[in-house]
Amino acid sequence: MLGKLFRRLFLTRLMALHEAGRLAFHGSLASLADRRTFLRHLSPVRKKRWVVYAKPPFAGPETVLAYLSRYTHRVAISNSRLVRLDKASVTFRYKDYRRGSADRQQIMTLTADEFRRWHANSRAGANFVSRCRWSYSISITSRRSTTRTAIR
């Protein structure tokens with residue numbers, strides 16, 4: 001029952017974001033900007049049985065909120081580190097701690113897509129994924145039965 005409710009709410013709100021133009025698709029996913037293509041892409045997900053795995057946090061909801069709040073406004077790169085920015089690439093300064101102190105400051109250029117991927121991956125803390133156990137997961141059907149899995 002909870003899986004059906006979560007699936008309906010999640011997909012309804014995802015569609016609302018798509019229709020409002022609030023989702024951006026780049027690279028190989030650019031075709032998903034088209035409504036029909038997006039609906040076709042979501043079709044298999046609508047047919048799957050979703051299993052919602054939820055358990056109470058050990059130390060209470062306040063502790064979970066305190067933990068998550070450390071990452072909500074975290075900045076992965078400050079404006080002072082940006083060297084050059086255009087539609088195709090981003091150039092920025094970084095510190096390579098494997099080098100000596102005099103040679104530590106380096107400059108890197110990434111394509112815009114690579115930079116977005118890097119930025120998204122560096123926003124959460126290193127242990128964020130392994131510590132966060134609240135998550136949703138779509139059931140995986142095995143040969144014998146439907147197993148419940150949680151994304152870690």
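The values are calculated or read from the model by the stated rules, or taken from the named source; none is laboratory data. None of these values were measured; they are calculated from a predicted model. Reconstructed Cβ throughout: ideal geometry from the backbone, glycine too, with neighbour counts over all protein chains shown.
Some values worked out for this structure:
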item: Meets criteria (modelled with pLDDT of 85 or more, within 18 Å of the chain's Cα centre (by Cα), closer than 25 Å to Arg117 by Cβ and assigned to a helix (DSSP H, G or I)) for Leu23; result: no
item: Qualifying position, being of a type outside the set (Asp, Glu), without any contact (Cβ under 8 Å) to a residue 24 or more places away in the chain, out of contact with any Cys (no Cβ under 9 Å at 6 or more places or on another chain) and surrounded by 12 or more Cβ atoms within 10 Å (Cβ to Cβ), among Phe58, Phe25; result: Phe25
item: Hits in the stretch 2-20 - residues which are among the basic types (Lys, Arg) and over 17 Å from the mean Cα position of the chain (by Cα); result: Lys4, Arg7, Arg8
item: Selection from the stretch 97-125 of residues that are in contact with a helix residue (DSSP H, G or I) (Cβ under 8 Å, 6 or more places away or on another chain) and either in a loop (DSSP other than H, G, I, E, B) or under 17 Å from Phe25 (Cα atoms) (or both); result: Asp113, Ala124, Gly125
item: Residue check for Leu68: part of a helix (DSSP H, G or I) and closer than 30 Å to Arg8 by Cα; result: yes
